[in-house]
1. Please list, ordered by chain and number, the residues whose modelled amide H lies under 5 Å from the amide H of H119; skip anything fewer than 5 residues away on the same chain.
2. Using θ = phi - 60° and the Karplus relation 6.51 cos²θ - 1.76 cosθ + 1.60, list the HN-Hα couplings for the range 92-103 in order, rounded to whole Hz, with x at every Gly or Pro.
3. Given H placed 1.01 Å from N in the peptide plane, which residues other than close sequence neighbours of I125 have an amide H under 5 Å from its amide H?
4. Please give the FRET efficiency for E214 paired with L76, using the beta carbon to beta carbon distance and R0 = 41 Å, rounded to the nearest 0.05.
5. Could you derive backbone 3J(HN,Hα) for the range 138-152 from the dihedral phi with the Karplus parameters 6.51, -1.76 and 1.60 (θ = phi - 60°), listing whole Hz in sequence and x where the residue is Gly or Pro?
6. From the phi of every residue in the range 155-162, what ³J(HN,Hα) in whole Hz does the Karplus formula 6.51 cos²θ - 1.76 cosθ + 1.60 yield, where θ is phi - 60° and glycine or proline is x?
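Here, each number is a calculation from the coordinates, and none is a lab measurement. These numbers come from a predicted model, not from an experiment. When we count neighbours, we look across all protein chains shown, and the Cβ atoms used for this are built from the backbone with ideal geometry, even at glycine.
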Amino acid sequence: MNKFDDCEFCSLKDGSEPTLPRDLQLLCTERLQQNLMYDGAEFYLKPDISPVVKGHLLIIPKKHYFSILSLPIKDLEELNLIKQKIIDFYAKENKLCLFFEHGCCGETDTGSSCIHHAHLHSIPISLDDGRNIMREAIRLLGMPNTNMAEVENSTYLFMEIAGSSSLYWKDLIMRSQFFRILISETFGEFQRSRWQNCIINEKERLKSEIWLKELRNVKL
């Protein structure tokens, strides 16, 4: 797929200014461009500009795809390589890795993702936090599918604790920032449940800047 003119993540590749809400432009543009922790053939890895917790990272395809499920099979080897790099990075702090995505299917079907470009989130978690997040997700969403074919033609929610089965839910009512809200509640970071608040709110913005600074020179 080609670049979308209004896509924030496509701007990473060509250096153009992303299209953002006016009150976020000055604060976001620099963060979007900074600190590529991995720059490969088909993917970038960088810190989330509004981390829900310390160590929140994003795997971003260089080409414009709508979701991770829409990636070509040839790209999956590199994706799995990056995922393993992240798992090993978190393991240095004795943390497990939680991957999640709010997936969509196409140009007219935005799903619950805030950016219409595939991006896979990863956060470091303890085993207990991971169990609590999974338990609450199942309570709110119902029993998941473990076969992506069950959801590939619909908007979906995806979660995987590294080393465990991948879990998928159809997201027909499009629950905006579902996993972010769930994670922020689990960690007691209630003010970080919406990514915009991590930029607009001065206290949360300063916290984000400290966390991002710690990752500035990290390469995987």
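1. Sorted by chain and number, the residues that satisfy this are I68.
2. Per-residue couplings from phi come out as 5, 9, 6, 10, 8, 10, 10, 9, 8, 8, 9, x Hz.
3. Distant-sequence amide H within range of I125: L96, C97, L98.
4. E(calc), rounded to 0.05, equals 0.85.
5. These are the phi-based 3J(HN,Hα) values: 5, 4, 7, 9, x, 5, x, 8, 9, 10, 5, 4, 6, 10, 5 Hz.
6. 5, 8, 10, 10, 9, 8, 8, 3
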